[in-house]
Each structure stands twice: as structure tokens, then as C-alpha cells.
1. Residue by residue through segment 154-176, note down the ones that are open to solvent by 70 Å² or more (accessible area, probe 1.4 Å), at pLDDT 95 or above and either assigned to a helix (DSSP H, G or I) or in contact with a Cys (Cβ under 7 Å, 6 or more places away or on another chain) (or both).
2. Within segment 279-291, does at least one residue satisfy the condition of being in contact (Cβ under 8 Å) with a residue 40 or more places away in the chain and either closer than 22 Å to R189 by Cα or within 24 Å of the chain's Cα centre (by Cα) (or both)?
3. Of all residues in segment 232-280 being outside any loop (DSSP other than H, G, I, E, B), of a type in the set (D, E, K, R) and modelled with pLDDT of 85 or more, which is most open to solvent (accessible area, probe 1.4 Å)?
4. Filter segment 38-59 down to the residues that are touching a helix residue (DSSP H, G or I) at 6+ places or on another chain (Cβ under 8 Å) and without any contact (Cβ under 8 Å) to a residue 24 or more places away in the chain and list them by number.
5. Out of the residues in segment 179-231 that are among the hydroxyl-bearing types (S, T, Y) and part of a loop (DSSP other than H, G, I, E, B), which is farthest from the chain's Cα centre (by Cα)?
6. Return the total of residues in segment 297-316 being under 11 Å from D272 (Cβ atoms) and either of a type in the set (A, V, I, L, M) or surrounded by fewer than 17 Cβ atoms within 10 Å (Cβ to Cβ) (or both).
7. Residues in segment 317-339: is at least one part of a loop (DSSP other than H, G, I, E, B), closer than 23 Å to T242 by Cβ and either open to solvent by 20 Å² or more (accessible area, probe 1.4 Å) or of a type in the set (D, E) (or both)?
8. Restricting to segment 14-55, and then to whatever is among the charged types (D, E, K, R) and surrounded by fewer than 16 Cβ atoms within 10 Å (Cβ to Cβ), can you tell me which residue is farthest from K142 (Cα to Cα)?
Amino acid sequence: MAELNILKDADFRREIKSNPATGYLLFGEEDYLKNLAVTYARETLLGDPSFACFNEIILDALDFHPEKLRSALMSLPMMAERKVILLRGLDMNAMKASELDGLCEVLSELEEYDYNTVLLPVASGNLDEGYLPKRPSATLNKLCASLRPVRYERCTPAKLLGWCIRHFEHNGATATPDVCQTLIDCCGRNMMTLASEIDKISFYVLAHDRTAVTAADIHTAACQSAEYDAFAFAGALMDRDTARALDILAEFKFRRTEPLFILAEVIRTGCDMLSVLLLTREGKTPAEVASALKLHEYKVSLYRKSASSVGEAAVRRMIAACNEADRALKLSPQGYAALEQLICSL
């Protein structure tokens, strides 16, 4: 199986500006960046706002059919060189094989209608990527036969921190790197969530006739998010609290969080807890533990308290069980059933 030539956002933007392709698949974990990329492509390609409404066609998942896409491809742009066709909300994992084949069949005709640019952003968790870059999934291969793939991975910690600072500044507020790190520790690394929380906290601070955001403002106004739920989920597993673990899993299901992502976060949380516990036993202070593990001191205190209350054996047992569930899920996809089995096995 050939390795895919996957574009980064900078490559995508250069192409859109100078030599746009007939179609792009925007996928990966970071939905916020995908939305920005779609906005950039629409503004760049549609040109004159007077005719933009005639040259953009949006097809939503609720009433999508491949023939609607074929019909959209055939109409000519009005007073412009290109049309933009946005396929919005499609869940590749929920599609039947016949539905996916029908979509790919129409996409294979894109070159016949080269005055179009099709944008297909897929939300995180709605496309099986396989094992990139060398082993893409069958679905990803089918789509990339006609669409240029653009992958949006999570930002590195340093880039995410800088982005948070700039986002506060854009709102007229200021936040130090330490305050922004507190926000990330509380709300997770999802940029969609962080953008909403930053807006809310900025307006909260400005409403109180201040511009400088403090850690206290974060704890007062911010909402804990999915990565924090991984901590709660890990705690329920270590406590063998089946009812609480199933309640947290129900919330993950409601958010349509990918099971493999849940396990990855819980395993990471468990390993961090174990490291905090072992370093604390060696006599290191919370500040020293935070520095060694590159964690915020607030998170270190939470992990130390939780791990100490259940003991090292419970932490190790939880990590081992999650690793086993992770392997089983990768060998034979079972969806949330694998997590339900994990909860009931402890």
C-alpha cells in the first residue's frame, strides 16, 4: 500500500492561493484549524462577495446523496473562475460501504469539472485514519484517490501556549504563559474548546474592568473538559466504581469521543499519576515533580492525591487493563463495547 502524500495547512493555503486542486479532504484531531482552513479557502476562492452566494454550494450530511454532489459539480460558476462545494458533517465511519463507494465514484469525476473545488472537512473521530503515514485505512485511501489530503494534528505544547496568549490579546485581555498553561491543564488541548473558554474568560475579566487574566479567573469561569474527564474516568477505574465509570463513558459517547482517544488519554493520565507517585516517594517536592514531568503544579497535586488514595497497585492495574483494551481495540474494532468490557472487568 503506497504512502500518502499528506499536506500540512501551510501547503494547503499556498495551493488554494496559487493553484487550487479540484478537491481536498481535511481530517485529523484539530477541528478548530479545519474550520479556519475552510473559511480561508472560501474567502480566497469565491472572490467578489457579490457573486459568492452563486458560486458556493453547501451539501449537509442530513440530506446528502452522491447524485446531489454530481448535480452540484455540473453547474458552471457565475462571473468567477471557480465554484466551492462544501460537504459538511459527513461521518465516514457511519457510512455503509455502498454509500462510501457512491461518494467516491462521484469524486472520481472531479477532473471533468475542474472549475470546482470540493472541500470535505471530517470531524475528529469520524474517519478511520489507519496507521499514518505508511498504513492509511482503506477508507482514507479511497477518498485520497480523488481528494488532496490535509491533516490537522494537535498543536505542540509551545505553539498552543503561544496561540492562547495571542487569542487573549485579540480579545483585549492579557494572560501570562503560566495562566495560559493553567487554562490548558483545566480545559484540555482541544482548540475549539479553548477558543470558546478564552472568549468567555476574556469577557468575564473585561466586565470586571480588568485586562489581566489570573489563575483565579480560570478556576472561576472555565469549564473542565474532555481531557479532565480522562482523569475522572481513570479515578473511577482505579476505584472500581462501575456506576461512575459508566456514567463518564456515557458522556464520552454523547460527545462522540473516539474510543481509542479515550484509552490513550486515560493511559497517559495513569502513567503520569504513577510517575508523580514514584517521584514523590523519592522525596521530590511538587515543584520538582512538575519540572521533571513537564506538568503544571496544580495537576501534580491532583495526581498525587488521587494516586496516593488508591495505592500504586491500583494505578498499575488500571494502566495494564487499559493497555490490554487498547491492543484488543486495534486488532478488532469493537467501539465503545471494548470500554464497557474494560469497566466491568475491574
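The values are calculated or read from the model by the stated rules, or taken from the named source; none is laboratory data. All figures in this text were calculated on a predicted structure; none of them were measured in a lab. Glycine also receives a Cβ, built like all others from the backbone with ideal geometry; neighbour counts cover every protein chain displayed. Heavy atoms of the whole protein, side chains included, go into the accessibility calculation; ligands, DNA and RNA do not. Shrake-Rupley method; radii C 1.70, N 1.55, O 1.52, S 1.80 Å.
1. R166, E169, H170
2. From segment 279-291, those in contact (Cβ under 8 Å) with a residue 40 or more places away in the chain are none; that's our starting set.
No, there is no match, as no residue in segment 279-291 is in contact (Cβ under 8 Å) with a residue 40 or more places away in the chain and either closer than 22 Å to R189 by Cα or within 24 Å of the chain's Cα centre (by Cα) (or both).
3. Taking segment 232-280 first, the residues outside any loop (DSSP other than H, G, I, E, B) are 232-238, 242-255, 259-280.
Restricting the remaining residues to those that are of a type in the set (D, E, K, R) gives 244, 247, 251, 253, 255, 265, 268, 272.
Applying the additional criterion that residues be modelled with pLDDT of 85 or more yields 265, 268, 272.
Numbers: E265: 19, R268: 93, D272: 35 Å².
It comes out as R268.
4. Correct list: A52 only.
5. Filtering segment 179-231 down to residues among the hydroxyl-bearing types (S, T, Y) leaves 182, 193, 196, 202, 204, 211, 214, 220, 225, 228.
Going one step further and asking which of them are part of a loop (DSSP other than H, G, I, E, B), we end up with 211, 214, 225.
Details: T211: 30, T214: 27, S225: 13 Å.
Top of the filtered list is T211.
6. Step one: of segment 297-316, the residues under 11 Å from D272 (Cβ atoms) are 299-300, 302-304, 306-307, 315.
Still in the running and either of a type in the set (A, V, I, L, M) or surrounded by fewer than 17 Cβ atoms within 10 Å (Cβ to Cβ) (or both): 300, 302, 307, 315.
Going through segment 297-316 one residue at a time, the tally reaches 4.
7. Looking for residues that are part of a loop (DSSP other than H, G, I, E, B), closer than 23 Å to T242 by Cβ and either open to solvent by 20 Å² or more (accessible area, probe 1.4 Å) or of a type in the set (D, E) (or both), one finds at least one in segment 317-339, hence yes.
8. First, pick out the residues of segment 14-55 that are among the charged types (D, E, K, R): 14-15, 17, 29-31, 34, 42-43, 48.
Next, only the ones that are surrounded by fewer than 16 Cβ atoms within 10 Å (Cβ to Cβ) stay: 14, 17, 43, 48.
On the way: R14: 25, K17: 26, E43: 28, D48: 34 Å.
Within segment 14-55, the match that is farthest from K142 (Cα to Cα) is D48.
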